[in-house]
Structure formats: C-alpha cells, structure tokens
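Just below is one structure, and these are the notes that go with it.
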Amino acid sequence: MSDVNFSARAYCKIMLHAAKYPHLAVNGLLLGAKGSDQKVVDVVPLFHQCLHVTPMAEIALIQVEAKAAQQGLHILGYYAAAENFYDNHLEKAPGARLADKIAENVSGS
C-alpha cells in the first residue's frame with residue numbers, strides 16, 4: 001500500500017463537504033499534480049444524497065478531468081463518506097464502480 005499525502009486545502013474540503021451534509025452520503029474526486037508522488041493538492045466534491053447517478057458521474061469525470069488538465073493536475077482517486085458513521089465498509093461504498101471507472105480511464109490513479 002502506498003502513502004498518500006493531503007494538502008490542508010484538500011483535507012478541509014473533504015471534511016467541510018461531509019460536515020455540510022451530515023445526514024447524507026458524500027463523494028468527490030482527488031486531484032494531484034502530474035508526476036507527483038501521491039500528493040493530493042485539491043478535491044472536487046461531486047454529489048451528496050444520491051451517489052448512484054452514473055450519467056451525471058460520467059459527465060462530471062469528463063468535466064473535472066478537462067478542468068484539472070488546464071491546471072496541470074490529474075485525477076488521483078475518489079473519496080466517499082457514508083451518512084452513518086458505522087456504515088463504513090468498502091462493500092457498501094456506492095462509488096466502487098466510479099472508482100473502477102477512474103482507474104481504467106486515468107493512468108496512475
């Protein structure tokens with residue numbers, strides 16, 4: 001397993017996304033500099049409430065990838081937080097398919 005480092009900005013955006021919607025599941029994309037050694041420098045919050053929206057997720061991936069490329073970044077990965085603290089099993093993560101899609105479309109993610 002590799003070590004992943006988060007910038008303060010990226011970490012705060014994830015925490016604030018979850019804090020803004022404590023009663024809902026949230027997810028988003030992790031962005032890092034091209035050629036960096038797994039340093040997450042920014043985050044793009046995607047959805048809350050309904051995380052199983054495949055068409056919207058695919059459009060979001062395309063848009064985020066294009067915008068990130070303009071800034072010299074690329075998609076490193078995906079984050080998800082369940083609405084229930086005790087519902088933290090990977091099997092229940094709604095974004096497993098989205099994470100797989102990121103892995104197949106973005107090399108090195």
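Taking into account only those residues within the range 37-69 that are acidic (D, E) and more than 11 Å from the chain's Cα centre (by Cα), which is surrounded by the most Cβ atoms within 10 Å (Cβ to Cβ)? In this case the residue turns out to be E65.
Condition first: among the polar types (S, T, N, Q) and outside any strand (DSSP E or B). Can you find one or more residues in the range 76-87 that meet it? There is at least one residue in the range 76-87 that is among the polar types (S, T, N, Q) and outside any strand (DSSP E or B).
Restricting the first member to the range 1-28 and to residues that are closer than 18 Å to A82 by Cβ, and the second to residues that are loosely packed, with under 13 Cβ neighbours inside 10 Å and polar (S, T, N, Q), the beta-carbon pairs closer than 6 Å and six or more apart or on different chains are L24/Q49.
The number of residues in the range 29-56 being closer than 17 Å to F85 by Cβ and touching a Ser or Thr at 6+ places or on another chain (Cβ under 6 Å) comes to 0.
Applying the condition of being aromatic (F, W, Y) and not in a helix (DSSP H, G or I) to the range 1-30 and asking which residue is surrounded by the fewest Cβ atoms within 10 Å (Cβ to Cβ) yields Y21. Considering (1) modelled with pLDDT under 70; (2) over 20 Å from I14 (Cβ atoms), the lone condition that P94 does not fulfil carries the number (2).
The values are calculated or read from the model by the stated rules, or taken from the named source; none is laboratory data. Predicted model, so just to flag it, every value in this text is computed and none were measured. Reconstructed Cβ throughout: ideal geometry from the backbone, glycine too, with neighbour counts over all protein chains shown.
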